[in-house]
Each structure stands twice: as C-alpha cells, then as structure tokens.
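K.L.:
Pasting a structure below so you can have a look.
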Amino acid sequence: MIRAAAPGDFPAIRAIIRHAFGRADEANLVEALREDGDMLYEFVAQEGIGLLGHIAFSRLPIERPAGRVEAAALAPLSVLPAFQRQGLGLALMEASLAQCRALGCKAVLVLGRPSYYPRAGFRADLAEPLEAPFSGPSFMALEMEPGVLKAGGRVRYAKAFGV
Ligand SMILES: CC(C)(COP(=O)(O)OP(=O)(O)OC[C@H]1O[C@@H](n2cnc3c(N)ncnc32)[C@H](O)[C@@H]1OP(=O)(O)O)[C@@H](O)C(=O)NCCC(=O)NCCS
C-alpha cells in the first residue's frame, strides 16, 4: 500500500532512509526540510504494519521576471535493501507524482541515476533551460504542464539542501 506519511511514521522513515543510503545525510535532510516548513509531502510504502519505502517532495520555486512557477524537488527516494527491485520505487513515484499534479505543481526536478528516473517520465533535456546548482544527465525534470520549463528560470532549492 502506498499512502501519505504521518508524523507517527517519522522514526521508521529515518530507519528506511539510513538503510537505503547506508548513511544518515539523507535522513537528516528530510528532517531539516520538515523543520524548516519546506516539505510539500511524503509518501510511504507499507506492507502489514511495516514500512518498506519512502519518498519526499519539497518546495522548489522557479523564479522568472514574469513571476514564479510552483515546482517540487523529488528527494530522497528510498526502499529498504531487502525489498528493492520489486517495483516499490516506481510505485512510490507514480502515486506521489499524481498527488503533485493534484496540488497544482507544474514540474518536478530530481538529481539521480539517469538509468532509473526516466522510467517515471523524467528527462534531462527538460531541465536544461533552468538556471540551477546542478546540470548534466543526472539533473532531470518532469513537466506536469507540457512545455512549462522551456522559458527557463532560476531554481531555488530549499535551505536544507545547502546549495
Ligand atoms: C533507487 C531505489 C529507490 C529504487 O527502488 P526499487 O524499489 O528497487 O526500484 P524499482 O523496483 O521500481 O526499480 C528497479 C530498478 O532500480 C534500480 N535498482 C534498484 N536497486 C538497485 C541496486 N541495489 N543497485 C543498482 N540499481 C538498483 C535498477 O535500475 C532496477 O532496475 P532493474 O531491476 O531492471 O535492473 C532503491 O534502489 C534505493 O533505495 N536505493 C538506495 C537509495 C538511492 O540511491 N536512492 C535514489 C537516489 S537517486
């Protein structure tokens, strides 16, 4: 089952992220995003009473002279090592991207493996017009509104990213 995360999930979410990445940095990022009020939403994958995966989206405004475009940063995405390669990561992305659309988010950006995120529709060429702290094949975008990123703009990552 994929569902929105609740505060009671936070300790288990920390454990999932730590196990998936093998370090605490990404779990600390998630907690800082929550504390700063920059978290948009989080989803978890649950089986029985246990949580197996987690995904987070934070505010990522794109600033242009003509105004601001509401976008989101997908980070991090984690699945417990023993449950990887069963489609949970993709299921988490699909459910949470639908939520992003429903909230009126115009685009989602991710910095990640170029062999993985295109499965959910992300493309590096869509992110190219943006002025951002990242570039190259790992910096990918998904447009909820086709063509919305063509006009470029400056991407403002939340403070917790430290970029
Ligand atoms: C990335 C991650 C969330 C994918 O979750 P998942 O549930 O295994 O993903 P899916 O089952 O939907 O997709 C499987 C694909 O993910 C990739 N993948 C999953 N586990 C992997 C692993 N241990 N090593 C390398 N690639 C892996 C492969 O491309 C795999 O495709 P394949 O089975 O056709 O080779 C998960 O591997 C993870 O938590 N990794 C550690 C944290 C991380 O790197 N997060 C992403 C940051 S960019």
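Readers should treat all values here as calculations from the given coordinates under stated rules, not as data from a laboratory. If you're wondering where the values come from, they're calculated on a predicted model, not measured in any experiment. All Cβ positions, glycine included, derive from the backbone under ideal geometry; neighbour counts span all protein chains shown.
K.L.:
Restricting the stretch 10-55 to residues that are in contact with a strand residue (DSSP E or B) (Cβ under 7 Å, 6 or more places away or on another chain), farther than 16 Å from residue 88 by Cα and without any contact (Cβ under 8 Å) to a residue 40 or more places away in the chain, which is farthest from the ligand (Cβ to nearest atom)?
P.N.:
Top of the filtered list is 39.
K.L.:
What about residue 96, is it under 19 Å from residue 162 (Cβ atoms) and hydroxyl-bearing (Ser, Thr, Tyr)?
P.N.:
no
K.L.:
Determine if the stretch 120-140 includes at least one residue that is more than 15 Å from residue 68 (Cβ to Cβ), within 16 Å of the ligand (Cβ to nearest atom), part of a helix (DSSP H, G or I) and charged (D, E, K, R).
P.N.:
Among the residues of the stretch 120-140, not one is more than 15 Å from residue 68 (Cβ to Cβ), within 16 Å of the ligand (Cβ to nearest atom), part of a helix (DSSP H, G or I) and charged (D, E, K, R), which makes the answer no.
K.L.:
Scan 76, 81 and give me the residue that is in contact (Cβ under 8 Å) with a residue 60 or more places away in the chain and within 19 Å of residue 43 (Cα to Cα).
P.N.:
81
K.L.:
Another question about this same structure. Look at the stretch 56-95 and say how many of its residues are within 11 Å of the ligand (Cβ to nearest atom) and not in a strand (DSSP E or B).
P.N.:
Of the residues in that region, 15 qualify.
K.L.:
Taking the stretch 96-114 on its own, how many of its residues are more than 8 Å from the ligand (Cβ to nearest atom) and either outside any helix (DSSP H, G or I) or among the acidic types (Asp, Glu) (or both)?
P.N.:
Adding up the residues that qualify gives 8.
K.L.:
All but one of (1) out of contact with any Leu (no Cβ under 8 Å at 6 or more places or on another chain); (2) farther than 25 Å from residue 87 by Cα; (3) surrounded by 14 or more Cβ atoms within 10 Å (Cβ to Cβ) hold for residue 127, so report the exception by its number.
P.N.:
Residue 127 satisfies all of (1) out of contact with any Leu (no Cβ under 8 Å at 6 or more places or on another chain); (2) farther than 25 Å from residue 87 by Cα; (3) surrounded by 14 or more Cβ atoms within 10 Å (Cβ to Cβ) except (1).
K.L.:
Report yes if residue 74 is under 18 Å from residue 33 (Cβ atoms) and in contact with a Phe, Trp or Tyr (Cβ under 7 Å, 6 or more places away or on another chain), otherwise no.
P.N.:
yes
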